[in-house]
1. Being over 13 Å from B:CYS94 (Cβ atoms), among the polar types (S, T, N, Q) and touching a Gly at 6+ places or on another chain (Cβ under 8 Å), is that true of even one residue in the stretch B:43-51?
2. Pick out the one residue from B:SER83, B:SER73, B:SER18, B:SER54 that is surrounded by fewer than 14 Cβ atoms within 10 Å (Cβ to Cβ) and at positive phi.
3. Among (1) exposed (fewer than 12 other Cβ atoms within 10 Å of the Cβ); (2) at pLDDT below 95, where does A:LYS42 come up short?
4. Do you know which residues across the stretch A:52-107 are more than 11 Å from chain B (Cβ to nearest Cβ), over 12 Å from A:ARG37 (Cα atoms), of a type in the set (A, V, I, L, M) and buried (at least 21 other Cβ atoms within 10 Å of the Cβ)?
5. Give me a count of the residues in the stretch B:46-69 that are assigned to a loop (DSSP other than H, G, I, E, B) and not small (Gly, Ala, Ser).
6. Give B:SER89, B:SER15, B:SER25 a once-over and let me know the one that is polar (S, T, N, Q) and without any contact (Cβ under 8 Å) to a residue 40 or more places away in the chain.
7. Name the single residue that is nearest to the chain's Cα centre (by Cα) among those in the stretch B:1-22 being in a strand (DSSP E or B) and within 11 Å of another protein chain (Cβ to nearest Cβ).
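The values are calculated or read from the model by the stated rules, or taken from the named source; none is laboratory data. Note that this is a predicted model, so its numbers are computed, not measured. Counting neighbours? That spans all protein chains shown, and the Cβs are built from the backbone with ideal geometry, glycine included.
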Amino acid sequence: KQEVTQIPAALSVPEGENLVLNCSFTDSAIYNLQWFRQDPGKGLTSLLLIQSSQREQTSGRLNASLDKSSGRSTLYIAASQPGDSATYLCAVGTGNQFYFGTGTSLTVIP
Amino acid sequence: GAVVSQHPSWVICKSGTSVKIECRSLDFQATTMFWYRQFPKQSLMLMATSNEGSKATYEQGVEKDKFLINHASLTLSTLTVTSAHPEDSSFYICSAKDRTISGANVLTFGAGSRLTVL
């Protein structure tokens, strides 16, 4: 069974810093990997989707990379803002299922 | 873009009553919908996979008789928590797969429903 781990569990940074969130998975046979944002008490907002054949995807200040062979993905956030404060979840797509990591709770301090 | 609507967004009920949560794909047809449960400060746990016109497939440890799932049409799946108890209090989120997008396995998530059982 696929296991997804996210490190760190929590991260606090001053505004303007660049930061990296990590996601690792145990089975490299994946279809895709998706990064989500979740605000407290809210649902999930999709940020970036990387297909298994891709190495990275970019959207604005966000860049996600995928290294299937090593079972790793990173989410890079440039010039962080207080509005980026949320929990970030990675999800690995295998077949018809998604396996979620435990999330990284990000706080950007003004 | 694809939108999934979940209703109600929050509900409070008395112990022993049943609660129904709806998940609708608004601008696409979804042959498959997924129901997740999220405990405080934890990640999402897949409860069941709902396929239009057939019985849902439940994950190990999820009680079928407790969590009834009906996927009556290509745009609607419902989750009914029967005889709810306080331990059923949780955040329930659905997601839907667009049937027109093959191979991409892209899911769109609803905003979630917070259930509190008194």
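1. Yes, that holds for at least one residue.
2. On the way: B:SER73 fails: at positive phi; B:SER18 fails: at positive phi; B:SER54 fails: at positive phi.
Matching residue, one of B:SER83, B:SER73, B:SER18, B:SER54: B:SER83.
3. The single condition A:LYS42 does not satisfy is (1).
4. A:ALA64, A:LEU66, A:ILE77
5. To start, the set of residues in the stretch B:46-69 that are assigned to a loop (DSSP other than H, G, I, E, B) comprises B:52-56, B:59-66.
Next cut, not small (Gly, Ala, Ser) only: B:52, B:55, B:59-60, B:62-66.
So the count comes out to 9.
6. Numbers: B:SER15 fails: without any contact (Cβ under 8 Å) to a residue 40 or more places away in the chain; B:SER25 fails: without any contact (Cβ under 8 Å) to a residue 40 or more places away in the chain.
After ruling out the rest, the residue left standing is B:SER89.
7. Narrowing the stretch B:1-22 to residues in a strand (DSSP E or B): B:4-7, B:10-13, B:19-22.
Cutting the leftovers down to within 11 Å of another protein chain (Cβ to nearest Cβ) gives us B:4-6, B:10.
Working: B:VAL4: 11, B:SER5: 11, B:GLN6: 8, B:TRP10: 13 Å.
Filtering first and then ranking leaves B:GLN6.
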